[in-house]
Amino acid sequence: MTNFIEILIRGLMLGSVYALVGMGLTLVWGVVGIVNIAHGEFVMLGAYLAFWAFSLIHFNPLLSVALAIPIFFFAGMTIHKRITERLTKAPELSALILTFGMSILIWNLAQFFWTNTYRSVPYLTGSFPFFGLVFAKSKTVSFFLALGITAALFAFLKYSRLGKGIRATSQNSEVALVCGINTMRMRAVTFGMGIALAGAAGTIVSLQWVIFPQMGASYVSKAFAIVVLGGLGNIQGALAGGLIIGVLESLTTQYWSAKMAQIIPSMTILLILLLKPTGLFKK
Amino acid sequence: MRVERKEEKILTIDGLVSGYGKMEILHGISLSVRRGEIVGLIGPNGAGKSTVLKAAAGLLKVTSGKVVFKGEDVTGTPPYRIVEKGMAFNPQGRVVFPDMTVQEHLDMGAWTIKDRQEKEKSLQRIDQLFPWLMEKKKRKASQMSGGEQQMLSLARAMMIQPKLLLLDEPSLGLSPKWVKTVFEKVVEIKESGIPCLIVEQKAAMVLEYSDYGYVLEMGNNRFEGKGRDLLTNPDVRRLYLGG
Ligand SMILES: Nc1ncnc2c1ncn2[C@@H]1O[C@H](COP(=O)(O)OP(=O)(O)O)[C@@H](O)[C@H]1O
Ligand SMILES: [Mg+2]
């Protein structure tokens, strides 16, 4: 029984990080209308940011989240203004193709500059006992970082002026425009936030898993499963979806095999699309 | 049938050509709204009525012609700048943010207002015009009836203390009782000194309330005149008012 609870909690910890990636994808998809296939590559770049900052200047990996958020936010805004903004008026397929190309380009560049060597950030190693259960330090810290970012995101969207403007733009962009909201700017900010979430998640996963140029693929597939579970554009749904995927993965790894756990995202997408295409949660 | 209108022009649209992408919908529309007026804009479905309002509010590209608001040429000005100048627009159809509360709608309406006191003044005005709304501040728009949503949208538009109100089919999908309530509210707004340009399918109804009216057809001006005159004009009656 204690073993089961431990595995459950590990799943939630895992899921909290997946949720960050998923919330970024669903936010951009819902508000900007762009399906960003390259989303996972920003997780990879975030992980490398933490890795290089740590190995070159011994930058504390826990603080690299704070470094990643502004960097990725502005990078995301710039990418949107320069490249993806024109896609908001184009057919959805163009966005798919362009961001797919972007994804390949980014991980190829990463491979070129940083090679295929597996990297890791040996920082918070070891584990600690907690009421008879045992948890890895790095995963526990990651969990609280992810929860903190999630809470900040929710509060931002609910209470801040910019957050309200973003919600207004996503719910009715014509009315948002006639309120005097610069909806184009709201979309750029949202795109930046989505990329910042991916980058932040990347710095967090660098604490626990190996880092390599193609690592984005597994995160983007989880993020897609999360978006489908939670309902397109539904942030709370994505949080729940992330936790569900994390728990499923943790349980499957423990009671079946790590190989089986890898097909959870694709199975989830398939099942939800067949049984309840609008996602599990009401918006 | 042209009549003298002496009051100062608040909005002048002159030879407006506009549309969507390469498709030209308006082929040179002219109209004006003067101080103290309700102006009705009618015409069959697809005539381009909504397009006129959208072009005036800066939502569409203007190919040629002019939009002059309070004596200033605002042709090609982005919508968020036009709002700041005091032109409020209540578009057709879905007029609310479904997941946002009444209070949040009023906040969004006041998006361009930087001054706290001005916003407070607007809220007091809304409280006079729509007292029942202020009692439902926490209610989400999706939990309100169509009529309530239309009123909420009107309140949202009034938050900028506009100098001109553009309304696109405010009666769409409402029960007769709500239609009457909405129109009475518009008259009250006009009497408080804010002129209104109203697009309507319910042509006879809007002409009853209008000081002046325009009839559009296929992106062109067809008739114009005082509301009453248009109502009794045999051609207008035959073509647009159902006999
Ligand atoms: N978003 C749009 N994109 C392309 N064409 C449009 C769009 N909206 C309206 N139209 C076309 O413009 C014409 C005029 O539409 P509209 O101004 O909405 O008419 P009305 O409000 O008088 O019913 C119609 O032929 C309509 O099909
Ligand atoms: Mg219309």
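The values are calculated or read from the model by the stated rules, or taken from the named source; none is laboratory data. Every value quoted in this text rests on a predicted model; they were computed, and no experiment measured them. Using ideal geometry, Cβ is built from the backbone for each residue, glycine included, and neighbour counts are taken over all protein chains shown. Just the protein is used for accessible areas: all its heavy atoms, side chains included, with ligands, DNA and RNA removed. Shrake-Rupley method; radii C 1.70, N 1.55, O 1.52, S 1.80 Å.
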Give the stretch B:39-51 a look and list any residue that's under 11 Å from the mean Cα position of the chain (by Cα), more than 14 Å from chain A (Cβ to nearest Cβ) and within 7 Å of ligand 1 (Cβ to nearest atom), or say none. B:Lys49
Quick check on B:Asp211: is it open to solvent by 50 Å² or more (accessible area, probe 1.4 Å) and either at positive phi or under 16 Å from the mean Cα position of the chain (by Cα) (or both)? yes
Of these, B:Gly36, B:Gly76, B:Gly65, B:Gly43, which one is out of contact with any Cys (no Cβ under 7 Å at 6 or more places or on another chain) and crowded, with 20+ Cβ neighbours inside 10 Å? B:Gly43
Residue check, B:Leu133 assigned to a helix (DSSP H, G or I) and at pLDDT 95 or above: no
Report whether or not A:Phe156 is without any contact (Cβ under 8 Å) to a residue 24 or more places away in the chain and under 18 Å from the mean Cα position of the chain (by Cα). yes
Only one of these conditions is not met by A:Lys89: (1) without any contact (Cβ under 8 Å) to a residue 24 or more places away in the chain; (2) within 17 Å of the chain's Cα centre (by Cα). Which number is it? (2)
Among the residues of the stretch B:117-128, is any among the acidic types (Asp, Glu), within 14 Å of chain A (Cβ to nearest Cβ) and surrounded by 16 or more Cβ atoms within 10 Å (Cβ to Cβ)? no
B:Thr12 - would you say it is under 19 Å from the mean Cα position of the chain (by Cα), β-branched (Val, Ile, Thr), within 16 Å of ligand 2 (Cβ to nearest atom) and not in a loop (DSSP other than H, G, I, E, B)? no
Which members of the stretch B:189-203 meet the condition of being within 13 Å of ligand 2 (Cβ to nearest atom) and among the polar types (S, T, N, Q)? B:Gln201
Condition (residue is in a helix (DSSP H, G or I) and either modelled with pLDDT of 95 or more or touching a Phe, Trp or Tyr at 6+ places or on another chain (Cβ under 7 Å) (or both)) applied to the stretch A:207-216: is it met by at least one residue? yes
Mind checking whether some residue in the stretch B:148-160 is among the acidic types (Asp, Glu) and under 23 Å from A:Leu177 (Cα atoms)? yes
Kindly evaluate A:Leu177 against the criterion of being away from chain B (no Cβ under 14 Å) and either crowded, with 20+ Cβ neighbours inside 10 Å or out of contact with any Gly (no Cβ under 6 Å at 6 or more places or on another chain) (or both). no
Near pairs, Cβ below 6 angstrom, 6+ apart or cross-chain, from the stretch A:178-199 (farther than 11 Å from A:Leu27 by Cβ) to any residue that is among the aromatic types (Phe, Trp, Tyr) and part of a helix (DSSP H, G or I): A:Gly180/B:Tyr80; A:Asn182/B:Tyr80; A:Gly199/A:Phe42; A:Gly199/A:Phe72
Taking helices (runs of 4 or more DSSP H) that fall entirely within the stretch B:187-243, which contain at least 1 residues that are closer than 12 Å to B:Glu37 by Cβ? B:203-209, B:227-232
Looking at (1) more than 14 Å from every other protein chain (Cβ to nearest Cβ); (2) closer than 18 Å to A:Asn172 by Cβ; (3) in a loop (DSSP other than H, G, I, E, B), which is the one condition that is false for B:Met151? (3)
Can you give me the number of residues within the stretch A:180-192 that are part of a loop (DSSP other than H, G, I, E, B) and open to solvent by 30 Å² or more (accessible area, probe 1.4 Å)? 1
When A:Ile166 is run through (1) open to solvent by less than 50 Å² (accessible area, probe 1.4 Å); (2) more than 7 Å from chain B (Cβ to nearest Cβ); (3) over 17 Å from A:Thr26 (Cβ atoms); (4) in contact with a helix residue (DSSP H, G or I) (Cβ under 8 Å, 6 or more places away or on another chain), the failure sits at (3)
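Yes or no, residue by residue, for (1) within 9 Å of chain A (Cβ to nearest Cβ); (2) crowded, with 22+ Cβ neighbours inside 10 Å; (3) touching a residue at least 24 places away in the same chain (Cβ under 8 Å); (4) under 18 Å from the mean Cα position of the chain (by Cα):
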{"position": "B:Ser30", "(1), (2), (3), (4)": "no, no, yes, yes"}
{"position": "B:Ala55", "(1), (2), (3), (4)": "no, yes, yes, yes"}
{"position": "B:Lys61", "(1), (2), (3), (4)": "no, no, yes, no"}
{"position": "B:Phe69", "(1), (2), (3), (4)": "no, yes, yes, yes"}
{"position": "B:Asp107", "(1), (2), (3), (4)": "yes, no, no, no"}
Out of everything in the stretch A:27-73 that is open to solvent by 50 Å² or more (accessible area, probe 1.4 Å), part of a helix (DSSP H, G or I) and among the aliphatic types (A, V, I, L, M), what residue ends up being nearest to A:Ala238 (Cα to Cα)? A:Ile69
In the stretch B:170-194, which residue that is in contact with a strand residue (DSSP E or B) (Cβ under 6 Å, 6 or more places away or on another chain) and either in contact (Cβ under 8 Å) with a residue 60 or more places away in the chain or within 16 Å of ligand 1 (Cβ to nearest atom) (or both) is most open to solvent (accessible area, probe 1.4 Å)? B:Lys190
Determine if the stretch A:137-148 includes at least one residue that is at pLDDT below 95 and over 22 Å from A:Leu239 (Cα atoms). yes
Given B:Arg94, B:Arg81, which one is open to solvent by 50 Å² or more (accessible area, probe 1.4 Å) and at the interface with chain A (Cβ under 7 Å from one of its Cβ atoms)? B:Arg94
